Amino acid sequence: MDKEIFLCSICNINSGTCNEDCKFCSQSVRYKANIPRYKQKPIDTILQEALTARDNGALGFCLVTADKGLTDKTLQFVCDVASEITKVAPELRLIACNGTATLEQLLVLKDAGIKAYNHNLETSRDFYPQICTTHPWDERYETCQNVNKSGLVLITGGIFGLGETQEDRISMLEALHSLNPTSVPINFYHHNEALELEPNPLNIDEALELIKLTRKMVPNAQRIMVAGGRDLMFGARQHEIFAYGANSIVLGNYLTTSGRMMSQDLEMLESLELEVAKKVQ
Ligand code: SF4
């Protein structure tokens, strides 16, 4: 079990504005989920969130937008936000998560101080058309390839509990391995009543085994991160994720759902005698 745990905080710098139809995503405008919707979060609010994350031990700070991909306007906004955060919290490792991106766009982000790009494959190539019909899985894979070409650090993972088979999970993990990511965020579907998808059928033991399988099948990844759905999936047993291979978690709130208090996670790590990573390996 890794003794150092990497903490990452995510910030939805816009929210609930996406026209795509990903069936697991409450940020799609199609499902009318009861979530906050805005085009741009005020920069002062973002800076405050960045400082809070840093003061609680987060090393990573991820700027997330809810759209299929980067428009010129979004790209400029992410760059502006990155440069403002760098001024007040240069210790934070800035991550962008803005959907599909071209190599040129990624190079612009890199110049603005972004160090890593997160774009998830979500599930297997075969299962993907059942959860999204407005863009193909191949576009997701291609964006990840662009990230590798750009020299940014690649963060890519997926989501379990969408109704996929074990073969789909293995296929997704093989695809992730082929991209050689530095970090693999795994999410567990958090059902929202506005979404058509059935609730996540996984039980805790199955979910723990999926963390172990991810670690085994993407062995070169420096970090296996348990991201969205951690509290709902594991509840009082979430301390067990580290013994199964996780060495990174999202600190604080998720994109559209609340996480635990940051202090609760820090207490959990302390009680397990795990240390908060102070630098990126
Ligand atoms: S593209 Fe991203 S933000 Fe848009 S619906 Fe799909 S998962 Fe949600």
Segment 229-251, residues that are assigned to a loop (DSSP other than H, G, I, E, B) and either modelled with pLDDT of 95 or more or in contact with a His (Cβ under 6 Å, 6 or more places away or on another chain) (or both): 229, 243, 244, 245, 246, 247
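From the list 203, 146, pick out the single residue that is under 23 Å from residue 246 (Cβ atoms) and either surrounded by fewer than 23 Cβ atoms within 10 Å (Cβ to Cβ) or more than 19 Å from the chain's Cα centre (by Cα) (or both).
203 is the lone residue from the list that is under 23 Å from residue 246 (Cβ atoms) and either surrounded by fewer than 23 Cβ atoms within 10 Å (Cβ to Cβ) or more than 19 Å from the chain's Cα centre (by Cα) (or both).
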Any residue in segment 63-75 that is polar (S, T, N, Q) sitting within a Cβ distance under 8 Å of a residue that is within 12 Å of the ligand (Cβ to nearest atom) and part of a strand (DSSP E or B)? List the pairs, counting only those 6 or more apart or interchain. 65/12; 65/97
May I ask you to say which residue of 121, 94, 70 is at pLDDT below 95, of a type in the set (A, V, I, L, M, F, W, C) and in contact with a Gly (Cβ under 8 Å, 6 or more places away or on another chain)? 70
Look through 204, 224 and report the one residue that is over 24 Å from residue 138 (Cα atoms) and either modelled with pLDDT of 95 or more or of a type in the set (Ser, Thr, Tyr) (or both). 204
Please enumerate the residues belonging to segment 75-101 that are in a loop (DSSP other than H, G, I, E, B) and within 16 Å of the ligand (Cβ to nearest atom). 98, 99, 101
Listed residues 183, 258; which is exposed (fewer than 14 other Cβ atoms within 10 Å of the Cβ) and either modelled with pLDDT under 95 or within 17 Å of the chain's Cα centre (by Cα) (or both)? 258
Could you list, in sequence order, all residues of segment 83-115 that are more than 18 Å from residue 144 (Cα to Cα) and crowded, with 21+ Cβ neighbours inside 10 Å? 85, 92
Within segment 17-29, how many residues are over 18 Å from the mean Cα position of the chain (by Cα), outside any loop (DSSP other than H, G, I, E, B) and near the ligand (Cβ under 8 Å from one of its atoms)? 0
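The values are calculated or read from the model by the stated rules, or taken from the named source; none is laboratory data. Treat the numbers as computed from the prediction; the structure is a model and nothing was measured. Because the Cβ atoms are built from the backbone with ideal geometry, glycine has one as well, and the counts that use them run over all protein chains shown.
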